[in-house]
1. Open to solvent by 50 Å² or more (accessible area, probe 1.4 Å), within 18 Å of the chain's Cα centre (by Cα) and among the β-branched types (V, I, T): is that true of T25 in this structure?
2. Would you mind finding the one in A188, A194, A162 that is modelled with pLDDT of 95 or more and either in contact with a helix residue (DSSP H, G or I) (Cβ under 8 Å, 6 or more places away or on another chain) or surrounded by 19 or more Cβ atoms within 10 Å (Cβ to Cβ) (or both)?
3. Would you point out the residue of segment 21-47, among those that are free of Cβ contacts under 8 Å to residues at least 40 places away in the same chain and small (G, A, S), that is farthest from A200 (Cα to Cα)?
4. Please verify whether segment 260-270 includes one or more residues that are open to solvent by less than 50 Å² (accessible area, probe 1.4 Å), in contact (Cβ under 8 Å) with a residue 60 or more places away in the chain, under 22 Å from M98 (Cα atoms) and within 16 Å of the chain's Cα centre (by Cα).
5. Could you look through segment 223-238, keep only residues that are open to solvent by less than 70 Å² (accessible area, probe 1.4 Å) and in a helix (DSSP H, G or I), and pick out the one that is farthest from T86 (Cα to Cα)?
6. Is it true that some residue in segment 197-212 is open to solvent by 30 Å² or more (accessible area, probe 1.4 Å), assigned to a helix (DSSP H, G or I) and over 24 Å from V45 (Cβ atoms)?
Amino acid sequence: MEVDAGVATLTLCRPDIRNAWAGETAREYRWALHHCHVDPRVRVVVVSGDKDFCVGADHNLLDEIGEGGGSYDVDATSLPEFPDHTPPEMRRNHFYPMTVSVPVIAAITGGCAGAGFLVASYADIRFADSDARIASSFASLGLPAEYGLGWVLPRIVGTANAAQLLYSPTPISGARAAELGWVQHACAPGTTVAAAVDYAKKLAAGSAAESLRMMKRQIHVDSTLGFADAYGRSVADMNDALKSADFRHGLRALRDKRAPNFLETSDVNGEA
């Protein structure tokens, strides 16, 4: 993990098998996100995979499951705890990126399929090469939408577009994925990671870390509550924020007619 100007960059690194996903990868990713969550230097995370984002589950693992009649072992390795605000029903491994306090941006290059599609879907925002090859791949293996994706994906792109992404065995381009709303920024091939990092640095400097934390919780957690409860929590958040150093810093910048730079603060709630 590297941290620069408030941005942590995480790179999936199994290039010999095109970043195919396995248990070890999942553990390392979750621990890396935990370190980003607790490190006050980190305001935004960008996860990428160099030539390929992730082409799916490791074929050796899939072969073992197939030969074992569908059985597989659940890894008992210790994992970081979920943040305190996470409701019990959302304490699920793949939901972890949506519970940490920092935005997670997926920068998709090359192939992104199966487990890679799942990982990218659990990010907050997706950048992709316009010619990236994207596929859910589940139906072509006789599988359902895995690990809650049938719940998450319609919230991102709507029901009909979620159906298009899940039902079809044919990969689509990053440009087409942007048309469907799954990708938020389609980039010229070869520029995606740099564009995602540049965007992340602008967020890190121009958006208060505590604001990002609260908004992320509101989008992914509070939005599952009834309106009255979500509204009440937003008012409580606002009343707390009005007392914060971040609010005073933003006001000073507004008064001085300049852009705020929240990286100037000593920590998330510190004075400038």
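The values are calculated or read from the model by the stated rules, or taken from the named source; none is laboratory data. No experiment lies behind these values; they were computed from the predicted model shown. Ideal geometry is used to build each Cβ from the backbone, glycine not excepted, and the neighbour counts take in all protein chains shown. Keep in mind that these areas ignore ligands, DNA and RNA; they rest on the heavy atoms of the full protein, side chains included. Shrake-Rupley method; radii C 1.70, N 1.55, O 1.52, S 1.80 Å.
1. Details: open to solvent by 50 Å² or more (accessible area, probe 1.4 Å): no; within 18 Å of the chain's Cα centre (by Cα): yes; among the β-branched types (V, I, T): yes.
When the stated conditions are applied, T25 does not pass them.
2. On the way: A188 fails: either in contact with a helix residue (DSSP H, G or I) (Cβ under 8 Å, 6 or more places away or on another chain) or surrounded by 19 or more Cβ atoms within 10 Å (Cβ to Cβ) (or both); A194 fails: either in contact with a helix residue (DSSP H, G or I) (Cβ under 8 Å, 6 or more places away or on another chain) or surrounded by 19 or more Cβ atoms within 10 Å (Cβ to Cβ) (or both).
Just a single option satisfies the conditions, and that option is A162.
3. The first filter runs over segment 21-47 and keeps only residues free of Cβ contacts under 8 Å to residues at least 40 places away in the same chain, leaving 22, 24-25, 28, 32, 35, 38-39, 41.
Then keep just the ones that are small (G, A, S); that gives 22, 32.
Values: A22: 27, A32: 17 Å.
For segment 21-47, the residue satisfying everything is A22.
4. no
5. By that ranking, first place goes to V235.
6. No; the residues of segment 197-212 include none that is open to solvent by 30 Å² or more (accessible area, probe 1.4 Å), assigned to a helix (DSSP H, G or I) and over 24 Å from V45 (Cβ atoms).
Residues are listed down the side, and each one gets a yes or a no for (1) open to solvent by 10 Å² or more (accessible area, probe 1.4 Å); (2) in a strand (DSSP E or B); (3) at pLDDT 90 or above:
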site: N60; (1), (2), (3): yes, no, no
site: V74; (1), (2), (3): yes, no, no
site: I105; (1), (2), (3): no, yes, yes
site: S140; (1), (2), (3): yes, no, yes
